[in-house]
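Structure, as structure tokens:
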Amino acid sequence: MKLKPSKLLVTFNNDNQIYCHGMWSLLEDIFTNGMGIPLARMTGSPGNSSIHVADIYVEHCAAGVQAICRPEYRLRKRGSLMIVVSSARGKIPLNTILPCQHNCVFLRRTDTLAEIRRQIMLAWHRRFQMKEVSCHSCCPMLLTKSEIRVADYLSQGISLSELVDRLALSPKTVSAQKHSLMRKLNLSNNVELMDFILWWKRYELTCRLTAAVQLVSAIASTLPKIGINNRECIMPIFTEKPGRDEKHARD
């Protein structure tokens with residue numbers, strides 16, 4: 001039987017302060033008022049270090065993120081609660097969620113308060129039942145080079161008609177690459193697609209900066225009289241596989 005914690009550390013990785021305030025009030029009602037467990041909000045910028053110590057971690061993600069490899073999730077504290085607030089409008093299919101995210105609570109901003117409360121309480125009582133999975137057993141969703149190229153151009157505000165001219169491809173081919181990207185990520189419209197692309201760009205930049213800081217720390221740890229521990233550099237690798245049009249080009 002698990003002992004009731006004396007205090008829960010809560011971290012928010014969400015730019016929407018209004019939503020964070022509402023979520024904080026709900027968590028206080030569930031844990032402090034309902035279970036008698038006080039909460040303490042962690043200050044400072046959320047990151048890998050806060051995931052490692054937080055008892056409850058609340059993060060906002062774009063639709064489709066559940067299909068993307070998130071190796072930093074493996075750093076989270078055992079028995080902690082990970083709440084992912086998705087901007088997806090439709091229900092997130094369970095078969096698109098990677099193993100490392102199975103014990104996360106995926107909420108939508110359109111969910112009712114009663115549904116959010118039910119999911120949080122259910123996940124809290126089941127948090128020790130989930131088995132740890134290795135990244136080696138995971139089969140993340142892979143994007144082709146063509147799909148990544150289309151996503152990169154769209155993030156720059158380039159329209160599909162302009163892509164046709166730049167890539168010297170038919171409108172049907174460019175449109176098919178875009179819809180293939182949306183199908184893999186379970187995105188229902190262009191708004192969700194752009195939301196995901198912008199999130200991906202910010203996330204990729206954050207990972208690069210984190211890896212750079214960890215590399216500097218690792219180098220500094222080899223120098224004399226520097227008391228910095230060398231830590232493993234964890235960074236997602238977005239694996240590419242050749243697209244259909246690229247295979248034909250090689251042939």
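The values are calculated or read from the model by the stated rules, or taken from the named source; none is laboratory data. Here the structure is a predicted model, which means the values were calculated and not measured. Cβ coordinates were reconstructed from backbone atoms using ideal geometry, including for glycine residues, and neighbour counts include every protein chain displayed. Quick note on the areas: whole protein, heavy atoms, side chains included, nothing else; ligands and nucleic acids left out. Shrake-Rupley method; radii C 1.70, N 1.55, O 1.52, S 1.80 Å.
For the stretch 52-66, the set of residues classified as of a type in the set (A, V, I, L, M, F, W, C) and part of a strand (DSSP E or B) consists of Ile56, Val58, Cys61, listed by residue number. Regarding the stretch 199-222, can at least one residue be identified that is modelled with pLDDT under 85, at negative phi and assigned to a loop (DSSP other than H, G, I, E, B)? Checking the stretch 199-222: at least one residue is modelled with pLDDT under 85, at negative phi and assigned to a loop (DSSP other than H, G, I, E, B). If you go through the stretch 6-22 one residue at a time, do you hit one that is among the charged types (D, E, K, R), open to solvent by 30 Å² or more (accessible area, probe 1.4 Å) and farther than 24 Å from His125 by Cα? Yes: one or more hits. Of all the listed residues (Ile37, Ile116), the sole one being in a helix (DSSP H, G or I) and modelled with pLDDT of 90 or more is Ile116.
Tallying residues that are among the aliphatic types (A, V, I, L, M), under 22 Å from the mean Cα position of the chain (by Cα) and open to solvent by less than 50 Å² (accessible area, probe 1.4 Å) within the stretch 160-210 yields 6. Within the bounds of the stretch 165-179, is there any residue that is assigned to a helix (DSSP H, G or I), farther than 15 Å from Leu143 by Cα and in contact (Cβ under 8 Å) with a residue 60 or more places away in the chain? Yes, some residue in the stretch 165-179 is assigned to a helix (DSSP H, G or I), farther than 15 Å from Leu143 by Cα and in contact (Cβ under 8 Å) with a residue 60 or more places away in the chain. With the condition kept exactly as written, say whether any residue in the stretch 131-145 is of a type outside the set (Ser, Thr, Tyr), modelled with pLDDT of 85 or more and in a helix (DSSP H, G or I). So far as the stretch 131-145 goes, yes, one or more of its residues are of a type outside the set (Ser, Thr, Tyr), modelled with pLDDT of 85 or more and in a helix (DSSP H, G or I).
For His125, the test of being at pLDDT below 75 and either open to solvent by 70 Å² or more (accessible area, probe 1.4 Å) or among the hydrophobic types (A, V, I, L, M, F, W, C) (or both) is failed.
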